[in-house]
1. Within region A:147-164, is there a residue that is of a type in the set (S, T, N, Q) and assigned to a helix (DSSP H, G or I)?
2. Return yes when B:Ala140 is under 29 Å from A:Gly258 (Cβ atoms), in contact with a helix residue (DSSP H, G or I) (Cβ under 6 Å, 6 or more places away or on another chain) and assigned to a helix (DSSP H, G or I) and no when it is not.
3. Of all residues in region A:129-147, count the ones that are closer than 26 Å to B:Trp33 by Cα, over 21 Å from the mean Cα position of the chain (by Cα) and surrounded by 18 or more Cβ atoms within 10 Å (Cβ to Cβ).
4. Just give me the residues in region A:92-128 being of a type outside the set (Val, Ile, Thr), more than 10 Å from chain B (Cβ to nearest Cβ) and within 16 Å of the chain's Cα centre (by Cα), in sequence order.
5. From the list B:Ala201, B:Ala247, which one is among the small types (Gly, Ala, Ser), more than 15 Å from B:Ala107 (Cα to Cα), at pLDDT 85 or above and in a helix (DSSP H, G or I)?
6. When region B:262-289 is examined, which residues are found to be hydroxyl-bearing (Ser, Thr, Tyr) and either part of a loop (DSSP other than H, G, I, E, B) or surrounded by fewer than 24 Cβ atoms within 10 Å (Cβ to Cβ) (or both)?
7. Suppose we keep only residues that are closer than 18 Å to B:Glu211 by Cβ and hydrophobic (A, V, I, L, M, F, W, C) within region B:226-247. Which one would you say is nearest to the chain's Cα centre (by Cα)?
8. Scan region B:116-162 residue by residue and report those that are of a type in the set (Ser, Thr, Tyr) and surrounded by fewer than 22 Cβ atoms within 10 Å (Cβ to Cβ).
Amino acid sequence: MTAKTKPDRSNVSSSVRSSPVWRWILYAVMIVLAVLFLFPLVYMVSSSFKPDDQVLANSDSFEAFLPIPFVGLENYVDAIERAQLPRVFMNSVIISGCIVSLGLIVNSLFGYALARLRFKGKKVILAIVIALIIIPFEALAVPLLFMGAEVGWLDTYQIQILPFIANPLFIFLFYTFFLGIPKSLEEAARIDGAGPVRVFTRVVAPLAKPAYATVAILGFLFSWGQFLWPSMVTRGIDVRPLPVGIGVFQNTPPVAWGDIMAYTVLMTLPLLIVFLIFQRQFVQGVASSGVKG
Amino acid sequence: MTAVDSTQTNATTEPPPESKRGGADRSETRVAWLFILPAGVLLILFIVVPFILAIVFSFTNQRLISPLATRFVGLENYVDQLTDGLFWKSLWNNARFSLFVVPVQTAIALMLAVLVNQKFRGRTAFRTVFFTPVTVVMAAAATIWILLFNPNGLINAGLEIITFGNFSPDWLNSTIWAMPAIIIVSMWQGVGFQMIILLAALQDVPTELYEAASIDGASTWAQFRNVTLPGIRNQLIFVLTVTTILAMRLFDQPTLMPRTPGGPLDSTRTAMVHMVDVGFSRQAIGRGSAIAVIFFAIVLTLTLFQRRFLREEGEV
């Protein structure tokens, strides 16, 4: 939270040990680790291009990692048809999209009010927000399900969206990030006659891009992967998101591993792309926002 | 221009006149509440209210759909659970999962963070590689690893080569190996996230401290112990706390990976699997709520205990 622009701060000790031998050891270790992290994903992708019965049969050789025999997009076509993927995918996009975009707005507004605006009861509200962080969603799932059933919201989008928009952890992240922005900038804008709303939208929010990126990615990770809640509140496929939709394959034998792997590839890609696009801001955001305990 | 704010150092910003500031206060309060309102209402509706409901339900025989009227049953739900072997077994499964995953995963994350913080070509690429599994949602990760842990799958093929065919368990159908399989998936998927937080922490440790330490002739290990670890203490505590909470919430993997949720023979049944089974599948909302309340109390105690313990230990 200290300096916004800082020079490269890698360990000095590393330059001390910059002998070629050390370098080779480091690279060897890194490559072994990279293989451990990536092999399941390579396996997933290569399996998604194989005939269903070859996926397991190939597991005892290096061919497990190669799309041999290659069946092209057959599994993808199957997966899209069997799981009604366009529908399920759109459901996930709608649900995650609403949670993340609305969440960015309401949580940052709340965080800004706590960090900068003067009003009575601020300390109490901050304490409540911190206390709410500890309540795990799972502990609320059963009564929330009851509430949802009472108002007839089962099998709807709103029951999958509304409970997750406001998030005490994200409010806290925004709060600590806003605390770190130099006050002088806002005061300068105020003297120019800008009200608090204008100061927020024109000065503070643009400065807080790393915080927004961090919360967007975290929010996307949480919401895109949700499994417990949608499997409780949805019955049919109409409003089901991707992670629950995968159940289609497990219920109907024989297990078509090629199709399943194609489905997991399609489920994983959007998040991966989002992360690769925003990873710079994300890493910077984690570094400068309040993920500091 | 009367009173000048003493903290003002920037020459271009001047404090507004007193009168204007006094007038702005009331509108500022209004704006503050306006900013708080949307998220505030949602927090009350979807966290505070269900939380209170959970406590209320836990003292009743509430069911999701039932012809019987709801009535107050006192501590019956709690007594039921606390005398139920299955409940304790679930807690024990949480405990053994957490006791392994929290320290080991944090240690690996720290090691990875230190590695990708070294100066070498391609370190950004390695950072991305280690973080990539985090972007694989748990339902997908679980599915990939079900395939990998198949008795004839890739993991066993690899193990047979290393152990000359002496070790190839049927991971997910074994009461002994199902939990280790879940632990492996969880660490693979989660460690990159902790790495990023710790990496950010490492980059905040002032370089001068390392310089001073190496001038003093401190070994690499001594530098790590005396400069790095104290420098990232807060983030390390944060990571430990969050990992503990997430470990207690373990649900997706034991639901998706074994043939039956929490199986085989309840060897991977966690508190959350148990709660959903009782409160949702069997529709006994009252009992499920009691489990939720006990669960919350445990998480709260653990969090407070961990914070206090770690904070005090570090005061030296």
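1. Looking through region A:147-164, at least one residue is of a type in the set (S, T, N, Q) and assigned to a helix (DSSP H, G or I).
2. Yes; evaluated as a whole, the condition is true for this residue.
3. Residues flagged as closer than 26 Å to B:Trp33 by Cα, over 21 Å from the mean Cα position of the chain (by Cα) and surrounded by 18 or more Cβ atoms within 10 Å (Cβ to Cβ) within region A:129-147 amount to 1.
4. A:Ser96, A:Gly97, A:Cys98, A:Ser101, A:Leu104 - these are the residues of region A:92-128 that are of a type outside the set (Val, Ile, Thr), more than 10 Å from chain B (Cβ to nearest Cβ) and within 16 Å of the chain's Cα centre (by Cα).
5. On the way: B:Ala201 fails: more than 15 Å from B:Ala107 (Cα to Cα).
Among B:Ala201, B:Ala247, only B:Ala247 is among the small types (Gly, Ala, Ser), more than 15 Å from B:Ala107 (Cα to Cα), at pLDDT 85 or above and in a helix (DSSP H, G or I).
6. Correct list: B:Ser267, B:Thr268, B:Thr270, B:Ser281.
7. B:Ile232
8. Filtering region B:116-162 down to residues of a type in the set (Ser, Thr, Tyr) leaves B:124, B:128, B:132, B:135, B:143.
Result: B:Thr124, B:Thr128, B:Thr132.
The values are calculated or read from the model by the stated rules, or taken from the named source; none is laboratory data. Predicted, not measured: the structure shown is a model, and the values here were computed from it. Ideal geometry is used to build each Cβ from the backbone, glycine not excepted, and the neighbour counts take in all protein chains shown.
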